[in-house]
Amino acid sequence: MRTWTPEHVARAAGARLISPAPTTTGPERAIIDSRQAGPGSLFVGLEGEHVDGGRYAAQALAAGAWGVLTTPQHAQDALCAPPGALLAAEDPLAALQRLATAWRRELGASVIGVTGSTGKTSTKDLLLALLSPHRRTVASRANFNTEIGLPLEILAAPPGTEVLVLEMAMRGPGQIAELAALAEPDVGVIVSIGPVHLEQMGTLEAIAAAKAELIEGLRPGGTAVLPAGEPLLEPHLRADLQTITFGESGDVRLVRSEEGRVEIDLHGRTIALEVPFPQAHLRRNLLPAVAAAEAVGVTPEGRVTLELTAGRGEHVVLPGGVILIDGCYNANPMSMRAALEDLADTVARTPGARSVAVLGDMRELGPRGREYHRELGEQVARAGVELLVTVGPLAAAIAEPFDGELHSVPDAVAAAEIVPGLLRPEDVVLVKASLAVGLELVCRAIGARAAVAGGAGAVL
């Protein structure tokens, strides 16, 4: 937006320019936290559940912001602040979204939207790894995947961006549709359909329909990348789209997986990739990523240099040889199963290792929540876990089918107190739960205990 005039910014946002900036150029980025305000920033004052961000408009200008976008009343209140653009809109969030759509069109980049019950973040990370050597690519960060975060990520994309990879989260009906409308994706990727957000959605069919809003949001001629043989998505297929399927019976299949290398059948031709990550679920998620990359004109090749978003299964080798698998960002039955598979595979590759799992509540699973946790306990037993720590009231059901060493605690604070002392050198420990459980406390406590022992950890 740097090349836009303040008037252009106001028109794109559908806002009224009350006071122009003391410059003819536009902002470099949009922010919603006034503490991040500085030269080149457009502060958007949103009304939150506890705080009305518009109250900090003058503070943002005092910090050197290019300008503020807020309600008419807050904009008027900021007239006495240091010079800066004052843009007023009755609905600042809608104005932020309109501005993002305008910038997406100005960029002219290919846009890939990624959603799914599980695996969407790692698929987004894989897409960035596959595309970056060939195209100027920007991918959304961490949890910037909502009606607020997504437009901020679009507006952060610099001029010259050729591919924009945007993760799209869903908490209820209509939310993916809203994100697709503002992002206008050329390619839509649905990584998986599974039992997530059942408290809100009720059934798997409803979850599939909500994810399929991404299919509906594609323009005619766009590309939908979907799991092969997923019956829940069949009612939502469109004849005016190119559909690419992935999986065992799909257009894109994993035909060979060995140490450091995979071979993928891509519409009948074989491509080989060097993959330093051994995790089976990440290798499977290469399939939708490769399909989406091809849809924007890139055939991946060579080494895949992957940087996982924090808390999504990153392997960290700590002093003393403990391997921490950090999955504390989120959890559901599908991702837990994949994480346990990763744990078992890692232990098998590590001579003398003991398998340890610190597992917390999986939230938002509805009336069958306890049943899902007990089923997870059966998977824990099959995965060969030797030491299990359950965290939270729902997770206590994981222990029922388990007959190894067991500790059950009520919350993350209690877990952080006991887990470091339970670990031995060469342990492989998986830490995973829904974000609200707060198991990042446990990851930090394990890391701190290891740091006291000396040395620094390393990311695998």
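The values are calculated or read from the model by the stated rules, or taken from the named source; none is laboratory data. Since the model is a prediction, treat every value here as computed from it, not as a measurement. Note that each Cβ is placed from the backbone with ideal geometry, even for glycine, and that neighbours are counted across all protein chains shown.
Structure notes:
Residues checked against (1) of a type in the set (Val, Ile, Thr); (2) in the same structural domain as LEU127 (by TED's automatic domain parsing); (3) over 20 Å from the mean Cα position of the chain (by Cα); (4) crowded, with 19+ Cβ neighbours inside 10 Å:
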{"site": "LEU308", "(1), (2), (3), (4)": "no, no, no, yes"}
{"site": "PRO319", "(1), (2), (3), (4)": "no, no, yes, no"}
{"site": "GLY327", "(1), (2), (3), (4)": "no, no, no, yes"}
{"site": "ASN330", "(1), (2), (3), (4)": "no, no, no, yes"}
{"site": "ALA339", "(1), (2), (3), (4)": "no, no, no, yes"}
{"site": "ASP342", "(1), (2), (3), (4)": "no, no, no, yes"}
{"site": "VAL347", "(1), (2), (3), (4)": "yes, no, yes, yes"}
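For every residue, the table says whether it meets (1) assigned by TED's automatic domain parsing to the domain that holds ALA208; (2) under 20 Å from ALA310 (Cβ atoms); (3) of a type in the set (Gly, Ala, Ser).
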{"position": "LEU128", "(1), (2), (3)": "yes, yes, no"}
{"position": "SER140", "(1), (2), (3)": "yes, yes, yes"}
{"position": "VAL163", "(1), (2), (3)": "yes, no, no"}
{"position": "GLN175", "(1), (2), (3)": "yes, no, no"}
{"position": "ASP186", "(1), (2), (3)": "yes, no, no"}
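- Every residue from region 41-71 that is closer than 20 Å to GLU7 by Cα and surrounded by fewer than 16 Cβ atoms within 10 Å (Cβ to Cβ): GLY64
- Among the residues of region 298-322, those that are in contact with an Asp or Glu (Cβ under 9 Å, 6 or more places away or on another chain) and either free of Cβ contacts under 8 Å to residues at least 24 places away in the same chain or assigned to a strand (DSSP E or B) (or both) comprise GLY302, ARG303, GLU314, HIS315, VAL316.
- Residue in region 356-368 that is under 24 Å from the mean Cα position of the chain (by Cα), over 29 Å from PRO288 (Cβ atoms) and not in a helix (DSSP H, G or I) present: yes
- Test: THR25 is at pLDDT below 90 and not assigned by TED's automatic domain parsing to the domain that holds GLU162: yes
- Among the residues making up region 177-226, those that are outside any helix (DSSP H, G or I), without any contact (Cβ under 8 Å) to a residue 60 or more places away in the chain and in contact with a helix residue (DSSP H, G or I) (Cβ under 8 Å, 6 or more places away or on another chain) are ALA212, LEU218, ALA224, LEU226.
- Yes/no for GLU153 being modelled with pLDDT of 95 or more, touching a strand residue (DSSP E or B) at 6+ places or on another chain (Cβ under 7 Å) and outside any strand (DSSP E or B): yes
- Options LEU61, LEU42; residue that is part of a helix (DSSP H, G or I), assigned by TED's automatic domain parsing to the domain that holds ALA81 and within 15 Å of LEU87 (Cα to Cα): LEU61
- For region 272-305, a residue qualifies if it is within 22 Å of GLY188 (Cβ to Cβ) and hydrophobic (A, V, I, L, M, F, W, C), and the qualifying residues are LEU282, LEU286, LEU287, ALA289, VAL290, ALA291, ALA292, ALA293, ALA295, VAL296, VAL298.
- Residue match in region 124-136 (condition: among the polar types (S, T, N, Q), within 19 Å of ILE32 (Cβ to Cβ) and surrounded by fewer than 20 Cβ atoms within 10 Å (Cβ to Cβ)): no
- PRO83 passes every criterion in (1) part of a loop (DSSP other than H, G, I, E, B); (2) touching a Phe, Trp or Tyr at 6+ places or on another chain (Cβ under 8 Å) apart from (2).
- The requirement of being assigned to a loop (DSSP other than H, G, I, E, B) and surrounded by fewer than 23 Cβ atoms within 10 Å (Cβ to Cβ) is not satisfied by ARG444.
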